[in-house]
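The values are calculated or read from the model by the stated rules, or taken from the named source; none is laboratory data. All figures in this text were calculated on a predicted structure; none of them were measured in a lab. Cβ placement follows ideal geometry from the backbone for every residue including glycine, while neighbour counts extend to all protein chains displayed. These area figures cover heavy atoms from the full protein model, side chains too; ligands, DNA and RNA do not enter into them. Shrake-Rupley method; radii C 1.70, N 1.55, O 1.52, S 1.80 Å.
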Amino acid sequence: MADGLTAREAAALVTDVFAEHPASADGPFTDGPLGDGPLGWDGYARARARAAARTGERESVVWGTADIGGRRAVLVSFEFRFLGGSLGRRTGELLEGAYAHARAERLPLVSLVATGGSRMQEGMVALSQLQRVARASALTRAAGLPQLAVLRDPATGGGWATLGAGADVVLALPGAQVGFAGSRVRPPDADPSAYTAEGQLAAGHIDAIVSPDRLRPALSLWLRLLTGGAAGPVPGGVPVPPPLALDGAYGAAATGWEAVRRARAPHRPRARAYLDAWFDERADLHGDRCGGTDPGMICGFGLREGRAVAYAAQAGTATRPAGYRTAARLIRLADRLGIPVLTLVDTPGAANDAEAERTGAGAAIADVFAAVASVRVPVTTLVIGEGGSGGALALAAPANTWVTPDSYFSVIAPELAAAILKRDPSETPATADQLRLRPRDLVELGLVRGIVARAE
């Protein structure tokens with residue numbers, strides 16, 4: 001069932017001001033016999049005329065420029081009552097114009113998606129509009145402009161597979177139908193929950209479900225985050241957050257094993273505490289867009305003294321492939337938007353169970369290594385706890401990694417190193433010393449820039 005909002009009501013819900021672009025109100029595309037479209041579909045012109053009379057619109061989308069919480073954006077809003085919000089040739093033309101205007105004016109693009117998919121009465125001509133929209137979206141992405149989508153009810157078919165799933169940040173209304181398959185073409189035994197906003201959130205395909213009354217502030221925050229904040233990105237990169245643990249509470253670790261025990265202490269501050277303390281405002285991305293989520297990897301964008309910073313933070317658990325894929329997604333998006341990145345390292349290592357191998361642990365870790373190695377924006381890393389092997393190193397910025405006093409970084413956990421070397425478990429503490437994994441060892445070895453001190 002549709003959400004009941006007209007295109008203009010949806011626009012009014014999220015904007016302070018919406019000015020429709022003149023091109024959006026141009027007449028409909030009416031080629032073919034009797035104006036029945038490119039296929040000459042009998043009755044198509046009459047169906048369009050009825051839709052226009054019912055809605056007051058000329059097509060299934062309207063677009064223009066909007067003010068959302070003080071940020072200008074190009075806004076596209078679907079009219080579901082116009083032939084089910086379907087995409088035809090004229091729809092593709094309007095969407096292409098919206099994307100072009102966003103690029104010309106250097107504005108982010110926000111789509112309020114409510115569509116059943118491609119328009120049957122235009123056949124393959126309608127379906128080919130997905131390629132048109134995909135190209136316009138790709139050009140806008142290459143121009144370094146953010147794209148946000150709000151999934152209304154329904155958001156299915158090609159509209160979901162282009163404007164929806166192709167956006168940088170995807171929000172959805174509660175209970176919205178979301179899926180490539182519309183309600184009339186799904187297998188009869190399909191699990192209906194898979195085709196809901198809630199199901200897509202659980203699978204890592206959307207970032208958040210937002211109630212209608214919270215949409216405007218949510219979009220306003222995301223626009224500030226993705227366009228650099230109040231004064232643009234942080235110049236020269238990200239300052240290193242101070243440690244939350246007090247330096248003087250214990251001094252430097254006397255042995256490697258003591259450093260490991262401190263990093264594993266249950267009361268030690270974790271990533272979420274660091275993020276909440278350091279950022280003034282922030283919002284998390286959710287999921288890897290490949291069907292997976294990992295609560296042990298927290299990714300998103302935040303404002304620090306009015307400037308935007310992206311973050312990828314391990315939360316102290318073994319990081320799963322979905323977590324690495326989410327981090328790679330975050331880092332590449334930040335690079336495209338020119339926003340510096342902060343990574344917080346805290347993991348005993350990458351998950352190494354059979355399920356992790358089946359879901360691509362090696363490839364996912366490799367992707368994060370590649371993302372960190374190739375970005376043009378500054379990346380700053382702080383090791384706040386355990387730095388376990390390659391699963392931790394993947395997030396570490398070469399030549400710009402710092403450590404807290406209650407952390408360690410090691411080629412592998414001391415217990416595992418002892419096992420590999422065929423040592424008795426009682427030799428684990430001595431092995432930790434030999435690994436030289438303490439913060440001051442890492443500084444002496446030239447592997448990190450320094451140990452961060454508590455802010456006075």
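With a ≥ b ≥ c the root eigenvalues of the C-alpha gyration tensor of segment 222-365, is it rounded (a/c under 1.5), prolate (a/b larger than b/c) or oblate? Here segment 222-365 falls in the oblate category.
Note on Asp189: accessible area is roughly 130 Å² with a 1.4 Å probe, heavy atoms of protein only. Over segment 271-313, the reciprocal of the mean inverse Cα-Cα separation, the Kirkwood hydrodynamic radius, stands at 10.9 Å. Figure note: Asp191, Asp284 ranked by solvent-accessible area, largest first, 1.4 Å probe, ligands and nucleic acids not counted: Asp191, Asp284.
Binning the alpha carbon pair distances of segment 139-223 at 10 angstrom intervals from zero yields the distribution 18, 49, 26, 7, 0, expressed in whole percent.
Close amide H pairs (under 5 Å, H built 1.01 Å from N) link Thr319 with Gly349, Ala350, Ala351, residues at least 5 positions away or on another chain.
Solvent-accessible area of Arg46, all protein chains in place: 140 Å² (probe radius 1.4 Å, heavy atoms, ligands and nucleic acids excluded). Segment 49-94 and segment 207-230 have Cα centres spaced 21 Å apart. Size descriptor for the chain, Kirkwood hydrodynamic radius: 23.7 Å (Cα pairs only, one decimal).
Electrostatic bookkeeping for Gly56 treats Lys and Arg as +1 and Asp and Glu as -1; over the other residues with beta carbon under 14 Å from its beta carbon, the sum is +1. Using the Stokes-Einstein relation with a Kirkwood hydrodynamic radius computed over Cα pairs, the translational diffusion coefficient of segment 339-384 at 25 °C and a viscosity of 0.890 mPa s comes to 201 µm²/s. Once every Cα of segment 316-456 carries one equal point scatterer and solvent is ignored, give the base-10 log of I(q)/I(0) from the Debye formula at q = 0.08, 0.14 Å⁻¹, two decimals. Log10 I(q)/I(0), no solvent term: -0.23, -0.68. Note on Glu305 and Ala399: with the Förster distance fixed at 35 Å, the Cβ-Cβ geometry gives a FRET efficiency of about 0.90. For segment 88-189, the square roots a ≥ b ≥ c of the C-alpha gyration tensor eigenvalues yield an a/c of 1.5 or more together with a/b not exceeding b/c, which makes the shape oblate. Between the amide H of Ala397 and those of Thr381, distances stay under 5 Å, these residues lying 5 or more places away or on another chain, with hydrogens modeled in the peptide plane. Per-residue accessible area (protein heavy atoms, 1.4 Å probe) orders Glu415, Glu386 as Glu415, Glu386, starting from the largest.
Extension gain, Glu357 to Ala419, is 20.2 nm, computed as 0.36 nm per intervening residue step minus the present C-alpha separation.
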